[in-house]
Amino acid sequence: MTLHELPLSDITVVSLEQAVAAPYATRQLADLGARVIKLERPGEGDFARRYDTTVHGHSSYFVWLNRSKESLTLDVKDPRGREILHQLLDGADVFVQNLAPGAADRLGLGVDALTERYPRLIPCTISGYGTTGPWADRKAYDLLVQCQTGLVSLTGTAEETARVGISVADIAAGMYAYTGVLTALYTRATTGRVHPVEVSLFEALAEWMGQPANYTRYGGSQPARIGTQHATIAPYGAFATADGKQVLFSIQNEREWAALCTGFLLRPALTDDPRFATGSDRVAHRAELNAIITERFAHSDAEDILKDLEDIGIACAGVNDVEAFLNHPVLAARNRWHEVTVPGATVQALLPPTDLAGLPTRMDPVPAIGEHTNPILTDLGLSPTEIDALRADGVV
């Protein structure tokens, strides 16, 4: 079986993308075999290329988000560049863009204009706060959206808030754009109808705020900010061991609570202690419960505590740093790390998390800026002389 037999091998995606959200969506389409033509600014490229230089001189963000794509440099503000874009769209199935508010409409690339000109094209718009409403014209970056959805108010310690350590709003939006495009492709294939896709960073992360939203609206106060402890389940959190490490464990039901009291805390009478009899009781008396657990942890090293908890069927884990994650035995045993080439080097990258039995995995190179400009333009019928003239004028 070859990559040509991947599920989306007959799909072409043109993406006027930058940063994280749109590139994450299109990389996942590329993982499934789609041809993704990434449009970049001549000379500069996607500004995520310059976020850092830690991966053999390349950005850690860009390497993660842009494998298996073709890079075409194109100035879409120039009429000649726009004409090339329209030639590409004429043969494309999907157009993804996460330009600044209003930019797509100014370029004649709004949803209405595209659907009128290309009836089978699926436009996908990724915005900050939606294309309508009072904040449609606002720029939005990941941490701004974390703040606006209230996520930052839930993250950190009682003394200080903290951002989530990954670009969670961008990732959420990229995931919903990806699944939206897949749904639109399926609908087009089965019914012939085309449905444009729209996702905003704010509304994507708002969906992920569903549980604390319910808790706050109907409980009268929002979940507490308590570090690695779970705000609404106890005991559920990390505790220090005798050798200075941390082990996190979780109690999810009364059976596990009884096992913890009898087999680990060695205090079976706690099982029916009215302070801890139910999940809500344990949350209400968290400080007293944590004191009991802390005292027990202080007498054993992390390795022994993990073994004791596992022996009685309690979910637990050491608190890893990123280096420990990179060397995780599950990733090694399941052969999840594979090589991907970047300009001038080879790097390790994780396989896509969804395995489709019997299908190959696509892990093609991360492109250099404009690496595929000449072959793409040649396929459109431009001569070498015409391409050189466009490059001389900064159009490509």
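Since every read-out is calculated from the coordinates, none of them should be taken as a lab result. These figures come from a predicted structure and were not determined experimentally. Here the Cβ positions follow ideal geometry from the backbone for every residue, glycine too, while neighbour counts run over all protein chains shown.
At a glance:
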| read-out | value |
| --- | --- |
| Net charge dipole size for segment 174-309 [Lys, Arg +1 and Asp, Glu -1 on Cβ; Debye, nearest 20] | 480 |
| Under the Karplus curve 6.51 cos²θ - 1.76 cosθ + 1.60, θ = phi - 60°, whole-Hz ³J(HN,Hα) for segment 115-126, x wherever Gly or Pro sits | 5, 6, 7, 10, x, 9, 7, 9, x, 10, 10, 10 |
| With Cα atoms, 0 to 90° folded angle of helix 79-90 axis to the chain main axis | 70 |
| Tilt relative to the chain, helix 254-263 - C-alpha long axis, 0 to 90 degrees, to 10 | 50 |
| Options S71, Y178, A269, ranked by Cα towards positive dipole end of the chain, top entry (Cβ charges) | Y178 |
| Relative contact order (%) - segment 236-318, alpha-carbon pairs under 8 angstrom, separation at least six | 44 |
| Lysine pairs in the chain with Cα atoms under 30 Å, if 8 or more residues apart or on separate chains | 7 |
| Estimated dipole of segment 236-318 in Debye, rounded to 20 [Cβ of Lys and Arg +1, of Asp and Glu -1, Cα centre] | 220 |
| Separation in nanometres of the label points that stand 7 Å from Cα toward Cβ, at N214 and E339 | 4.8 |
| Per-residue [θ]222 nm for the chain (sum of -39500 (n - 2.57) over DSSP H runs n ≥ 4, rounded to 500) | -11000 deg cm²/dmol |
| Surrounding net charge for K69, when Lys and Arg each add one and Asp and Glu each subtract one, Cβ distance under 15 Å | -1 |
| Likely footprinting exposure, C124, C316, fewest C-beta neighbours within 10 Å first | C316, C124 |
| Proxy reagent accessibility, fewest Cβ within 10 Å first, across Y215, Y176 | Y215, Y176 |
| Summed residue charge, Cβ within 12 Å of G165's Cβ, Lys/Arg positive, Asp/Glu negative | -1 |
| Order of Y218, Y129 under a 10 Å beta carbon neighbour criterion, fewest first | Y218, Y129 |
| Segment 236-318, Cα convex hull volume normalised per residue, Å³ | 75 |
| Computed magnitude of the charge dipole of the chain (debye, nearest 20; Cβ of K, R +1, Cβ of D, E -1) | 580 |
| Selected from A315, A92, A48 as most flexible by GNM, with the chain as the system and alpha-carbon contacts under 10 Å | A315 |
| Fluctuation leader among G165, G279, G180 - the chain, Gaussian network, Cα springs under 10 angstrom | G165 |
| Net +/- balance of residues flanking S153 in space, Cβ distance below 14 Å, scoring K and R +1, D and E -1 | 0 |
| Of E339, E44, E288, the one that fluctuates the most in a GNM where the chain has Cα springs shorter than 10 Å | E288 |
